[in-house]
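The values are calculated or read from the model by the stated rules, or taken from the named source; none is laboratory data. Quick caveat, the model's predicted, so the values are computed rather than measured. Note: ideal-geometry Cβ built from the backbone for every residue, glycine included; neighbour counts use all protein chains shown. Accessible surface is based on the protein model in full, side chains and every heavy atom, while ligands, DNA and RNA are left aside. Shrake-Rupley method; radii C 1.70, N 1.55, O 1.52, S 1.80 Å.
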Amino acid sequence: MAETKSSEPIISCRGVNKWFGNFHVLKDVDLDVMPQEVVVIIGPSGSGKSTFIRCINRLEEHQEGQIIVDGIELSHDVRNIAAIRSEIGMVFQQFNLFPHLTVLDNIALAPRYVRRQPRRTAEETALQLLERVGIPEQARKYPGQLSGGQQQRVAIARALAMQPKIMLFDEPTSALDPEMIKEVLDVMKQLAQSGMTMLVVTHEMGFAREVADRIVLFDEGRIVEMGTPEHFFTNPQHERTKLFLSQIL
Amino acid sequence: MRGRYTASDFYVAPLESPPSRRPPITSVGPLGWLRANLFSSKSNSIATVIMAALILWFLWSFLSWSVRSAQWGVIYHNLRLVTSGLYDRQEIWRMELVAGILVLLSGLSLGVWGRLARGVFIAVLVILLILVVVPVLAARVPEPTIYVLVEPQRPPSDFVFVGLKGQEVSFTFDPLTDAQDADERLLGFVESQARTEWSIRAAEVRAGNLDLGQHNLAVTLRLLDRQGRPLTSQAGSAVGDFAADPAGGALSYTLPADGWYVLEVRRDDSVNGSVGDNAGYAWIRVQGVETFASQEAAAQARADQFGQPPAVERALFADENSYRFEGARSVAEFFSLQVTPLFSRIVMPCFVGAALFFNGWVIGTLGRREKIVRRAVLGGWILSAPVILIILRGFEGSRTLPLVPTSVWGGLLLTILLTVVGIVASFPLGVALALGRRSELPAIKWTCTLFIETVRGVPLITILFMAKQIVPFFWSALSGLDLAIRMMIGVTLFSAAYLAENVRGGLQIIPYGQIEAARALGLNPALATTLIVLPQALRAVIPAIVGQFISLFKDTSLVAVVGLFELVGIVDRIVSGQAIYRPYQREAYIVIAIIYFVISYAMSDVSRRLEQSGAGSIRRL
Ligand SMILES: Nc1ncnc2c1ncn2[C@@H]1O[C@H](COP(=O)(O)OP(=O)(O)O)[C@@H](O)[C@H]1O
Ligand SMILES: [Mg+2]
């Protein structure tokens, strides 16, 4: 299954279980994500949302079940992991930009060293991406000289530079001042409109309502409810969902 | 209660915010700085005043000593030894060549990289200023003056010395006709038995018990070669009748061959008739010769070259007389006696060095935008290491570059070589050890830990002894290595262990998110380490690493214990081995301290600049 047809899921999780020591953090998680789909994951803190999406690019290893990404099953095979990681971009809550490199170098680094692109090509692409996230003028600065919102946009550009098929976002706006949240969400919306497959952990309900194709609610390591935004906001079924929504809205 | 509010409880700011004003004069500028830092409180003011007084007192004492009575000649007479140890005299040009290469490269680097390289360049320049001074090394060196006291109580001593072919030596005899004259001209130069004796005489003269003018002293001076054949003087007579000629006189010779000579000093009883009448005081000043502490010292130092020194009854050796200058000289004299001689030696090399440097700087500045020029300069530095070593060491049997074994390398040359090799070699080793200690493979982890902890648990001196003796015993291939190279290995291993711990400290402060981000981008562990983790970790521990390199630089002085003479070792040998320099230990060690300080300071300056330089310090995030 080298190429994916749009009718097949690009991410397919079957019965995924994971433990940290004795602590059962993911319990029988099943989830399929279609190409170009935007899935928003919500849920209380500590419910395993981060752990789940980190399993998808194997920053964490699951112990039971099956995760297939773009036709490749995640296993201990090192080459598989490298192949998967270059298909998946990830944006972290704490940005995790490389502080010793300029914005441009942050973005051009992986294309140059992983994709072996010549420096010039990588930098041109990087500049285009900066344009796309709206901060071309910051290219020569260091991450420490940017605001939080700008840093997160650079982080998005950095992930996009590898031309991934899937983007994972782990609470991308949680570390931001309120006035900067919008600029990051705007970039994400635009990305969603361009047809990117996205898996987004967030508490921004406005974003979920507007952009998500589906919303998934995690609680205590399992999926409690899954459905379209209308379903979620107008007609939630599970008690846990109603409670969660009542707390957050 | 709503009704209670009046108009003054409401306020709306004007549309424009007011312009910023300057702060009050007393809180900014030098005045504000003084107030804020030195005189902020009563106790602070008292501390400032006391400390300032202490520092001023110390500086004043030191400066007045160094200008008025210090004899810096001990260093500039021995520049060759201090800079290069026992490196062959005829091959000194190679050190000049090396210095030239380094100066040119530094100039180019300054031109190309501008400010960042400045610290490096200051360091190199300082080293060079000292290294470049080498040229004269082979030239003759005027030695400090020796005084032979002639007095009634005992027969005068002969004087044994070594001279080289073509060297000019002179002897000045100077009758002491009155106490003041003697005090002024001579007393200041001598501290020792002779001086003590003279001061007793001088006291008698002042008390009126002794009339110098009453004495009729006549002395014959002859210069004899090793076989006892007298030489003919170029100027002056061989006889000094001080009574007849109170102004004294001088003899001078151009020596016909290398070897031992004896200045024979005899009372000339034929002039004044009876032995009893021929008495009086005079100094005979001997200039421009190499002297020795004793007959044995003379034999030890020069017997290889010139055979045993002539055995002379009552020979005067420098040990019996200490030539410490004890008087006070004026600032003008300080310059003419202490500074000018040094400058006259270094002015030419400095000029050549400056010209080279300036050319390099101009070329570097013009070519800084060209990739080729930058690459060439970088390549030049990388190439310079082996090239320099080859130039300095040479080859067995070669005519142009005959072998100069590392065992004779010494002085500053050896110090710098040990340091540079230690730094350059221990850096990758230390980083590898640090990474190894964090490895997930237990075998590697434990081996690295064992090595690091063992080396850190043993004093450097032990490691140097091991490098000298035990290592060749275990590993016979090493026994053929030069001692200096074995010391480099010892110093490198020692430094690497400490460096590894410093680097590990840096690795620990890198947040795990950095590694995750790198992994998420698809970087493999090796790339993540070299591109993301190490650059940040190393930058964070620059001060610690440089501090450690500075102590490495200072610790190289320990190689003296295994018989190599680096800067401290060679200076120690100068002031303890050559009697005429024995009184000048203070000066010698002060100069060494200054050399060490300047180089260490330059190193920490580089570190500060590196830390502050562009590439985004981590602290900002
Ligand atoms: N590396 C780890 N080791 C042990 N426990 C962990 C680790 N990472 C997360 N956990 C625990 O797993 C649970 C789920 O964490 P996480 O996936 O970060 O939740 P969420 O992102 O939904 O807030 C939490 O209780 C957390 O304490
Ligand atoms: Mg989380």
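Are there any helices (runs of 4 or more DSSP H) wholly within the range B:4-94 with 3 or more residues that are more than 30 Å from B:Phe395 (Cα to Cα), and if so which?
B:29-37, B:42-68, B:73-76
Only one residue in A:Val38, A:Val78, A:Val29 is within 16 Å of ligand 1 (Cβ to nearest atom) and out of contact with any Leu (no Cβ under 6 Å at 6 or more places or on another chain). Which one?
After ruling out the rest, the residue left standing is A:Val29.
Quick one: in the range A:156-181, of everything that is within 16 Å of ligand 2 (Cβ to nearest atom) and touching a strand residue (DSSP E or B) at 6+ places or on another chain (Cβ under 8 Å), which residue is nearest to A:Val69 (Cα to Cα)?
The residue in question is A:Leu168.
Kindly provide the set of residues from the range A:133-154 that are in a loop (DSSP other than H, G, I, E, B) and within 13 Å of another protein chain (Cβ to nearest Cβ), ordered by number.
Residues satisfying the conditions are A:Arg140, A:Lys141, A:Tyr142, A:Leu146, A:Ser147.
Every residue, every condition in (1) in contact with a Ser or Thr (Cβ under 8 Å, 6 or more places away or on another chain); (2) modelled with pLDDT under 65, yes or no:
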| residue | (1), (2) |
| --- | --- |
| B:Gln295 | no, no |
| B:Ala299 | no, no |
| B:Gln305 | no, no |
| B:Ala315 | yes, no |
| B:Glu320 | yes, yes |
| B:Ala354 | no, no |
| B:Phe357 | yes, no |
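Is it fair to say B:Leu433 is buried (at least 19 other Cβ atoms within 10 Å of the Cβ) and at pLDDT 90 or above?
The answer is yes for B:Leu433.
Condition check ((1) of a type outside the set (S, T, N, Q); (2) open to solvent by less than 40 Å² (accessible area, probe 1.4 Å); (3) in a loop (DSSP other than H, G, I, E, B)) across all residues:
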residue: A:Ile181; (1), (2), (3): yes, yes, no
residue: A:Lys189; (1), (2), (3): yes, no, no
residue: A:Pro236; (1), (2), (3): yes, yes, yes
residue: A:Phe244; (1), (2), (3): yes, yes, no
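Right, A:Pro44: out of contact with any strand residue (DSSP E or B) (no Cβ under 8 Å at 6 or more places or on another chain) and open to solvent by less than 50 Å² (accessible area, probe 1.4 Å) or not?
So A:Pro44 does not fit the description; no.
Based on what the data block shows, is A:Asn57 touching a residue at least 40 places away in the same chain (Cβ under 8 Å), more than 14 Å from ligand 2 (Cβ to nearest atom) and either within 24 Å of A:Ala82 (Cα to Cα) or out of contact with any Phe, Trp or Tyr (no Cβ under 8 Å at 6 or more places or on another chain) (or both)?
On the way: touching a residue at least 40 places away in the same chain (Cβ under 8 Å): yes; more than 14 Å from ligand 2 (Cβ to nearest atom): yes; either within 24 Å of A:Ala82 (Cα to Cα) or out of contact with any Phe, Trp or Tyr (no Cβ under 8 Å at 6 or more places or on another chain) (or both): yes.
Considered against the rule, which asks whether it is touching a residue at least 40 places away in the same chain (Cβ under 8 Å), more than 14 Å from ligand 2 (Cβ to nearest atom) and either within 24 Å of A:Ala82 (Cα to Cα) or out of contact with any Phe, Trp or Tyr (no Cβ under 8 Å at 6 or more places or on another chain) (or both), A:Asn57 comes out as yes.
Can you work out which of the residues in the range B:518-533 that are open to solvent by less than 20 Å² (accessible area, probe 1.4 Å) and either touching a strand residue (DSSP E or B) at 6+ places or on another chain (Cβ under 6 Å) or touching a residue at least 12 places away in the same chain (Cβ under 8 Å) (or both) is nearest to the other protein chains (Cβ to nearest Cβ)? Walk me through how you get there before you give the answer.
Here is the first cut: in the range B:518-533, the residues open to solvent by less than 20 Å² (accessible area, probe 1.4 Å) are B:518, B:520-523, B:528, B:532-533.
From the residues that got through so far, the ones that are either touching a strand residue (DSSP E or B) at 6+ places or on another chain (Cβ under 6 Å) or touching a residue at least 12 places away in the same chain (Cβ under 8 Å) (or both) too are B:518, B:520, B:528, B:532-533.
Values: B:Ala518: 8, B:Ala520: 4, B:Ala528: 10, B:Ile532: 6, B:Val533: 10 Å.
Out of the qualifying residues, it is B:Ala520.
When residues of the range A:193-203 are filtered for being crowded, with 21+ Cβ neighbours inside 10 Å and away from ligand 1 (no atom under 16 Å from the Cβ), how many remain? Explain how you work it out, then say what you get.
First pass over the range A:193-203, keeping only residues crowded, with 21+ Cβ neighbours inside 10 Å: A:197-202.
From what is left, the residues that are away from ligand 1 (no atom under 16 Å from the Cβ) are A:197-198.
Selection size over the range A:193-203: 2.
Of everything in the range A:77-95, what is surrounded by fewer than 24 Cβ atoms within 10 Å (Cβ to Cβ) and either at the interface with another protein chain (Cβ under 7 Å from one of its Cβ atoms) or in contact with a Gly (Cβ under 7 Å, 6 or more places away or on another chain) (or both)? Give them in sequence order.
Answer for the range A:77-95, where residues must be surrounded by fewer than 24 Cβ atoms within 10 Å (Cβ to Cβ) and either at the interface with another protein chain (Cβ under 7 Å from one of its Cβ atoms) or in contact with a Gly (Cβ under 7 Å, 6 or more places away or on another chain) (or both): A:Ala82, A:Ser86, A:Phe92, A:Gln94.
Assuming A:Leu26 fulfils every condition listed in (1) open to solvent by less than 10 Å² (accessible area, probe 1.4 Å); (2) part of a loop (DSSP other than H, G, I, E, B) apart from one, which condition is it?
The failed condition is (2).
Do we have B:Leu499 as open to solvent by 20 Å² or more (accessible area, probe 1.4 Å), under 36 Å from the mean Cα position of the chain (by Cα) and either modelled with pLDDT of 95 or more or not hydroxyl-bearing (Ser, Thr, Tyr) (or both) here?
Judged against the criteria, B:Leu499 is not a match.
Which numbered condition in (1) touching an Asp or Glu at 6+ places or on another chain (Cβ under 6 Å); (2) modelled with pLDDT under 95; (3) among the polar types (S, T, N, Q) is the only one that A:Ser50 fails?
So the condition that A:Ser50 fails would be (2).
Would you mind telling me which numbered condition in (1) within 16 Å of ligand 2 (Cβ to nearest atom); (2) more than 12 Å from chain B (Cβ to nearest Cβ) A:Val184 fails?
(1)
For the condition more than 16 Å from ligand 2 (Cβ to nearest atom), away from chain B (no Cβ under 14 Å) and open to solvent by less than 10 Å² (accessible area, probe 1.4 Å), what is the one hit in A:Ile107, A:Ile67?
Criteria check complete, one pass: A:Ile67.
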